[in-house]
Amino acid sequence: LGDTYEPVGSFDTTLPDVPDEEQAMLRAMKDNFDLRALDLQIQVAGEFVTVAKSDYYPTLALYGNWTNQGQSDNLNSFLSATSSGVGLNLSMNLFNGLRSDARVQQAKADEQILRSTMQQARDGVRLQVRAILNNLASARQRVTAQQRTVDQALRGYEIAQVRYREGTGNLLEISDADLALSRARTNKVQALHDFYAAKADLDRALAMLDRKYFIHIDQH
């Protein structure tokens, strides 16, 4: 039951500025991983349309063969005839039950669906980036406000200690001041956490992840 976890590291309290919305949107539209993946799917779908259309085109094939034949009782000089030939084969798809048309239309429909999905995805990314920037700005303001609260709580704790040493205060005042200071510091840490969580969401939306987090697959 009572496992204890110790946090490792610390938050950098020197917070970066919130990025400009217009620049963030431009980068998201260009580099967002989900949008790039959809763009590749659209390119593949376009190639499938080209492949489907190729059924309409005539096919020209070149073929050739070379044959040696013969017979012998001892396998010596058994070749008695040699023949060879080359030729061209031209085929045209005059009618195949409208299957070519159906394949082309299906490929085009698949491509159009992906393009519609891309537009929806772009709109979704815009909304996501705007919401993240708002969260980032809000968390940054909260960090600043909580820092002032921490400073005030720390001052109150120091005053309570001075009053106790001078005999004009009591331990309850120190305890209350210490509790207020702990609460203020906790709220500041929570605001810092929210800021860096939003910053991580923004980094992902803008494809600004550190390369060390990528898994490289060797292609041979």
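The values are calculated or read from the model by the stated rules, or taken from the named source; none is laboratory data. All values derive from a computational prediction rather than experimental measurement. Positions of Cβ are generated from backbone atoms using ideal geometry, with glycine treated the same way; all protein chains shown enter the neighbour counts. Heads up: the accessible areas ignore ligands, DNA and RNA and are worked out on the full protein's heavy atoms, side chains in. Shrake-Rupley method; radii C 1.70, N 1.55, O 1.52, S 1.80 Å.
Those residues that are open to solvent by less than 70 Å² (accessible area, probe 1.4 Å), of a type in the set (S, T, N, Q) and modelled with pLDDT of 70 or more, I need them from the stretch 50-77; list them, please. Walk me through how you get there before you give the answer.
From the stretch 50-77, those open to solvent by less than 70 Å² (accessible area, probe 1.4 Å) are 52, 54-55, 61, 64, 67, 70, 72; that's our starting set.
Then drop every residue that is not of a type in the set (S, T, N, Q), which leaves 54, 67, 72.
Listed by number, the residues that qualify are 54, 67.
Inside the stretch 138-148, can you point out the residues that are buried (at least 19 other Cβ atoms within 10 Å of the Cβ) and of a type outside the set (A, V, I, L, M)?
Going residue by residue through the stretch 138-148, those that are buried (at least 19 other Cβ atoms within 10 Å of the Cβ) are 139-140, 143, 146.
Selection gives 140, 146.
Hey, among 188, 108, which residue is assigned to a helix (DSSP H, G or I), modelled with pLDDT of 90 or more and surrounded by 16 or more Cβ atoms within 10 Å (Cβ to Cβ)? Break it down stepwise before answering.
On the way: 108 fails: modelled with pLDDT of 90 or more.
Of the residues listed, the single one that is assigned to a helix (DSSP H, G or I), modelled with pLDDT of 90 or more and surrounded by 16 or more Cβ atoms within 10 Å (Cβ to Cβ) is 188.
Would you check if there is a residue in the stretch 14-27 being at pLDDT below 75 and either touching a helix residue (DSSP H, G or I) at 6+ places or on another chain (Cβ under 7 Å) or of a type outside the set (A, V, I, L, M, F, W, C) (or both)? Let's see the steps before the verdict.
Residues of the stretch 14-27 that are at pLDDT below 75, as a first pass: none.
There is no residue in the stretch 14-27 that is at pLDDT below 75 and either touching a helix residue (DSSP H, G or I) at 6+ places or on another chain (Cβ under 7 Å) or of a type outside the set (A, V, I, L, M, F, W, C) (or both).
Sort through 216, 193 and tell me the only one that's closer than 30 Å to residue 18 by Cβ and modelled with pLDDT under 95.
Just one listed residue meets the conditions, 193.
Can you pull out every residue in the stretch 78-105 that is at pLDDT below 65 and either out of contact with any strand residue (DSSP E or B) (no Cβ under 8 Å at 6 or more places or on another chain) or open to solvent by less than 90 Å² (accessible area, probe 1.4 Å) (or both)? Outline the logic, then answer.
Of all residues in the stretch 78-105, those at pLDDT below 65 come to 78-81, 90, 94-98.
78, 81, 94, 95, 96, 97, 98, listed by residue number.
Can you tell me which residue is most open to solvent (accessible area, probe 1.4 Å) among those in the stretch 111-137 that are over 16 Å from residue 38 (Cβ atoms) and without any contact (Cβ under 8 Å) to a residue 40 or more places away in the chain? Explain how you work it out, then say what you get.
In the first step, residues of the stretch 111-137 are kept if they are over 16 Å from residue 38 (Cβ atoms); the result is 127, 129-137.
This time we only want the ones that are without any contact (Cβ under 8 Å) to a residue 40 or more places away in the chain, so: 127, 131, 134.
Working: 127: 117, 131: 47, 134: 97 Å².
Of everything passing the filter in the stretch 111-137, 127 is most open to solvent (accessible area, probe 1.4 Å).
Give just the number: which of (1) without any contact (Cβ under 8 Å) to a residue 12 or more places away in the chain; (2) open to solvent by less than 90 Å² (accessible area, probe 1.4 Å) does residue 47 not satisfy?
(2)
Matching residues to (1) more than 31 Å from the chain's Cα centre (by Cα); (2) under 30 Å from residue 37 (Cα atoms); (3) part of a helix (DSSP H, G or I):
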residue: 155; (1), (2), (3): yes, no, yes
residue: 159; (1), (2), (3): yes, no, yes
residue: 167; (1), (2), (3): yes, no, no
residue: 175; (1), (2), (3): yes, no, yes
residue: 192; (1), (2), (3): no, no, yes
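Would you check which residues across the stretch 100-142 are more than 24 Å from the chain's Cα centre (by Cα) and among the charged types (D, E, K, R) and list them?
Selection gives 101, 103, 108, 140, 142.
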